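What follows is a single structure, written as structure tokens, with notes after it.
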Amino acid sequence: LSDCVIDHYCAATGIRNRGVSERNDMTGINWSEVPVTLLELGFMTNPEEDRLLNDPDFQQTMVRGITAGILEYLSTL
């Protein structure tokens, strides 16, 4: 799931793909029996990404990328 979402998100937005980091130490998701993905949408400390994150049109682009990743994942089930 994470690979699908991050790949489509980065392709849609142009934000650099920093890959997937698997963790099992996060309370609230480490017990889950279904796939869980946390996505870094960008960094507010990066002025360009901060501007994009606040742009309604770019927010729609982010949603389309995330949606495409989820749909690809679901098509493999």
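Taking all protein chains as present, what is the carbon and sulfur share of the accessible area of the chain, in % to the nearest whole number, probe 1.4 Å?
Numbers: 3040 of 5710 Å².
Ligands and nucleic acids excluded, carbon and sulfur give 53 percent.
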Given the C-alpha centroids of the stretch 34-73 and the stretch 2-18, what is the distance between them in whole angstrom? 8
If you fit an axis through the alpha-carbon atoms of helix 2-13 and take the longest principal axis of the Cα set of the chain, what angle between them do you get, 0 to 90°, nearest 10? 10
Approximate spin-label separation MET44-SER21, in nm, with each point projected 7 Å along Cα-to-Cβ: 1.8
If ligands, DNA and RNA are left out, what is the accessible area of SER21 with a 1.4 Å probe, given in Å² to the nearest 10? 90
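Classify the chain as rounded, prolate or oblate, taking a ≥ b ≥ c as the square roots of the eigenvalues of its Cα gyration tensor: rounded when a/c is under 1.5, otherwise prolate if a/b is larger than b/c and oblate if not. List each step's numbers first, then the result.
Working: a/c = 2.24, a/b = 1.41, b/c = 1.59.
Because a/c hits 1.5 or more and a/b fails to exceed b/c, the chain counts as oblate.
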Remind me, relative contact order of the chain in percent, using alpha carbon pairs under 8 angstrom and six or more residues apart? 50
Measuring with a 1.4 Å probe in the full set of protein chains, what accessible area per residue, in whole Å², belongs to the chain? 74
Roll a 1.4 Å probe over the protein heavy atoms and report the accessible area of ARG64 in Å², nearest 10. 140
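Taking the Cβ of ARG64 as the center, what net charge do the other residues with Cβ under 13 Å away carry, scoring Lys and Arg +1 and Asp and Glu -1? The partial results should precede the final answer.
Numbers: positive: none; negative: ASP57, GLU72.
Net of charged neighbours comes to -2.
Are there chymotrypsin sites (Phe, Trp or Tyr not before Pro) in the stretch 22-67 that DSSP puts in a loop and that have at most 15 other Cβ atoms within 10 Å, and which ones?
Details: sites: TRP31, PHE43, PHE58; in loops: TRP31, PHE43.
Passing both the DSSP loop test and the Cβ count: TRP31, PHE43.
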Choice from ILE29, ILE66, ILE15 showing the highest fluctuation, given a GNM over the chain with Cα pairs closer than 10 Å: ILE29
Once phi for every residue in the stretch 41-53 is put through the Karplus expression 6.51 cos²θ - 1.76 cosθ + 1.60 (θ = phi - 60°), the whole-Hz ³J(HN,Hα) values, with Gly and Pro written as x, are 6, x, 10, 5, 6, 9, x, 5, 5, 4, 4, 5, 4
Compare THR13, THR37, THR27 in a GNM of the chain, Cα atoms joined below 10 Å, and give the one with the largest fluctuation. THR27
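The values are calculated or read from the model by the stated rules, or taken from the named source; none is laboratory data. Every value quoted in this text rests on a predicted model; they were computed, and no experiment measured them. Every residue, glycine among them, receives a Cβ derived from its backbone with ideal geometry; neighbour counts consider all protein chains shown. Just so you know, the surface numbers come from the protein's heavy atoms only, side chains and all, with ligands and any DNA or RNA stripped out. Shrake-Rupley method; radii C 1.70, N 1.55, O 1.52, S 1.80 Å.
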